Amino acid sequence: MNDTPRHLGPGLVLAVIGASGGSGASTLAAACAVRCADAGWSVALVDGDLGGGGIDVVLGAEHVEGVRWPDLVGVRGRVDGAGLLSRMPRAGAVAFLSHCRESSLRVGGDAVRGALVGLADAVEVLVLDVPRSWTLPATGLQEPAEPGDSAESADPVSYTHLRAHETVLD
């Protein structure tokens, strides 16, 4: 990766999906987030795999205080991304949102969508560690509109394919 920070615009989303449990997807997601932060980009890392080992454990930051998924139970609609970001735990410059092994509370789809859309607005790079069952429409994010599509139909936050930003990678 090039070390020169550049503004990518809100909503650059990198979803890391493992082929199977234990394939290293969480480690790769964490490494991507750390590298983006090292390059000077604002970044958030989100643990979307309830059955996984926990992105906070991968970061060695399970002891760090801050908002976890169970704190968002009952949230409806778009979350204030900057406000959420300021309350999330950090491992160095990487803000992360993880599950809490001490809580049996499970966050619903509305809260997940609201948090992801809000965070995509608040950071330059949003890295998602997600299970194979993950789908883009379930997040509230969508792929960029095709040329000629009506601006009225476009979601205000768009999912951007990594290949469209291949200059990010050397």
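Using 0.36 nm times the number of residues separating R78 and L50, minus their current alpha carbon distance, what extension gain do you get?
Here the segment from R78 to L50 would lengthen by 8.0 nm.
Taking amide hydrogens as modeled 1.01 Å from N in the peptide plane, which residues meet the under 5 Å criterion relative to L14, leaving out close sequence neighbours?
Excluding prolines and chain starts, which carry no amide H, the hits are L126, V127, L128.
May I ask you to evaluate 6.51 cos²θ - 1.76 cosθ + 1.60, the Karplus curve with θ = phi - 60°, for each residue of the stretch 39-49 and list the ³J(HN,Hα) values in order in whole Hz, giving x for glycine and proline?
7, x, 8, 6, 9, 10, 10, 10, 8, x, 10
Enumerate the amide H contacts of V67 below 5 Å, restricted to partners 5 or more residues apart or on another chain; note that Pro and chain-start residues carry no placed amide H.
Residues meeting the criterion, in which the H sits 1.01 Å from N, are M88.
Please list 3J(HN,Hα) in residue order for the stretch 58-69, calculated via the Karplus relation 6.51 cos²θ - 1.76 cosθ + 1.60 where θ = phi - 60°; whole Hz, with x for glycine and proline.
4, 7, x, 10, 5, 7, 6, 6, x, 5, 10, 3
At W134 and E62, where each label point lies 7 Å from the Cα along Cα→Cβ, what is the point-to-point distance in nanometres?
The two pseudo-label positions are separated by 2.1 nm.
Determine the distance separating the Cα centre of the stretch 47-101 from the Cα centre of the stretch 109-133; give it in Å without decimals.
A separation of 11 Å, based on Cα centres.
Bear in mind that the values in this text are calculations on the coordinates, not laboratory data. All values derive from a computational prediction rather than experimental measurement. Neighbour counts are summed over all protein chains in view; Cβ atoms, including those assigned to glycine, are modelled from backbone coordinates with ideal geometry.
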